[in-house]
1. Determine the pairs where a residue that is touching a residue at least 60 places away in the same chain (Cβ under 8 Å) and within 29 Å of R328 (Cβ to Cβ), located within the range 173-194, has a partner that is open to solvent by 40 Å² or more (accessible area, probe 1.4 Å) and hydroxyl-bearing (S, T, Y) with Cβ atoms under 8 Å apart, the partner being 6 or more residues away or on another chain.
2. Would you say S149 is away from the ligand (no atom under 14 Å from the Cβ) and small (G, A, S)?
3. Of these, R204, R122, R173, R155, which one is among the basic types (K, R) and in a loop (DSSP other than H, G, I, E, B)?
4. All but one of (1) over 17 Å from S182 (Cα atoms); (2) open to solvent by 10 Å² or more (accessible area, probe 1.4 Å) hold for P84; which doesn't?
5. I'm trying to understand the selection: among the residues of the range 161-189, which are within 16 Å of the ligand (Cβ to nearest atom), over 13 Å from T114 (Cβ atoms) and either open to solvent by 10 Å² or more (accessible area, probe 1.4 Å) or aliphatic (A, V, I, L, M) (or both)?
6. Which of the following residues is in contact (Cβ under 8 Å) with a residue 24 or more places away in the chain, of a type in the set (S, T, Y) and surrounded by 20 or more Cβ atoms within 10 Å (Cβ to Cβ): T221, T199?
7. Please work out if E322 is surrounded by 14 or more Cβ atoms within 10 Å (Cβ to Cβ), without any contact (Cβ under 8 Å) to a residue 60 or more places away in the chain and of a type outside the set (S, T, N, Q).
8. Name every residue in the range 87-128 that is more than 15 Å from the ligand (Cβ to nearest atom) and crowded, with 24+ Cβ neighbours inside 10 Å, in order of residue number.
Amino acid sequence: MTAGTTARSEPKTALIFGVSGQDGAYLAQLLLGKSYMVHGTSRDREMSSFINLRRLGIFGRVVLHSAVLTDFRSVVEVISRVRPAEIYNLASQASVGLSFDQPVETLNSTISSTINILEAIRFLGLDTRFYSACSSECFGNTETPADESTPFHPRSPYGVGKAAAFWAVANYREAYGLFACSGILFNHESPLRPTRYVTQKIIRGAADIAEGKAEVLELGTLSIARDWGWAPEYVDAMARMLTRDEPEDFVIATGETHRLEDFVAQAFSCFGLDWRRHVSSNPDLLRPSDIAFSVGNPAKAARLLDWRAERRMAEVVAGLVEAELQQRMG
Ligand code: NDP
């Protein structure tokens, strides 16, 4: 029996590369809820704490493997052992800011990983369905809401890598008929995000100031605008893409954009604080090039996946604040 042709009574098997991250943990939770057998990888399963799986209470329900995606042997080995019906690649150096300091590692981890998985599926002759995590960073600045036909103009090494991976997926789909698709996801947040990301930095910074542990929060520019959604909803869109008859790429977004300043104001007001008294802009935190304005058009996802973002920026902030308060109360 080949992957993807499991007997009716057997659970489907999914393999999630990058299961320790934010999206990996939420996707594992979603698929377990659909009775999938879920396997997941980390670069070193013995060293990873899998803190996100533990926070969601699903550590122990995911079969864990070590896999290094830039090493073809490692990729083939885990895929041939699991022979999954579905593969999700969510592993990569995922910080836009860090990509300016580690451009080669960022490009390698994004491009080689994608091609290694595509080649492994071909090499092993599987009919596995493949989801690849693409990003709105490929678009750069969006004059109007970006959809699946909007040209790419990335403004970071991270975006360049994601754009190359996007075209690799499209090429393998066209050249070899693989069921492979990219989700072009706009920013999506959750309590599982580490503080490196600006949204969590804002929430934790405001919480520290409210508790008297700090007085000032330093940020880069506040004028950028982003389309922020809620991560658990976005992993649902990924899973829906692999249930379609034909593989296609989808933009996943709320369709609304807000300035970072509005996000900051909203977060600080949840703690009863006036952000103008506590937030300063530090030019050292500015990126060499950044996206000023970013918004997506999720109409195709609504039409073909029956998917819509429920939580918008205000609800995203409220959800992050609530989780932070719960975490601090123990
Ligand atoms: P995370 O950073 O939370 O998780 C990514 C995982 O990739 C990590 O847990 C880590 O696993 C692995 N990883 C980190 N660095 C490298 C590296 N250099 N080489 C190989 N693997 C690495 O990311 P998210 O869950 O937020 O995002 C999932 C995917 O979706 C990523 O590809 C990201 O770029 C993309 N994306 C995310 C968006 C968002 O807003 N969250 C928006 C658009 C796209 P381990 O240490 O266990 O090996």
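The values are calculated or read from the model by the stated rules, or taken from the named source; none is laboratory data. Nothing here was measured: the structure is a model prediction, and the numbers come from that model. Cβ: placed from backbone, ideal geometry, glycine included. Neighbour counts: every protein chain shown. Accessible surface areas use protein heavy atoms only, side chains included; no ligands, DNA or RNA. Shrake-Rupley method; radii C 1.70, N 1.55, O 1.52, S 1.80 Å.
1. Taking only residues 6 or more apart or on different chains, the pairs are E189/Y197.
2. On the way: away from the ligand (no atom under 14 Å from the Cβ): yes; small (G, A, S): yes.
Criteria met by S149.
3. Testing whether each residue is among the basic types (K, R) and in a loop (DSSP other than H, G, I, E, B) leaves just R155.
4. Failing condition for P84: (2).
5. I184, L185, N187, H188
6. The match here is T199.
7. Numbers: surrounded by 14 or more Cβ atoms within 10 Å (Cβ to Cβ): no; without any contact (Cβ under 8 Å) to a residue 60 or more places away in the chain: yes; of a type outside the set (S, T, N, Q): yes.
So E322 does not fit the description; no.
8. At the first step, the residues of the range 87-128 found to be more than 15 Å from the ligand (Cβ to nearest atom) are 118-128.
Residues satisfying the conditions are L118, I121, T128.
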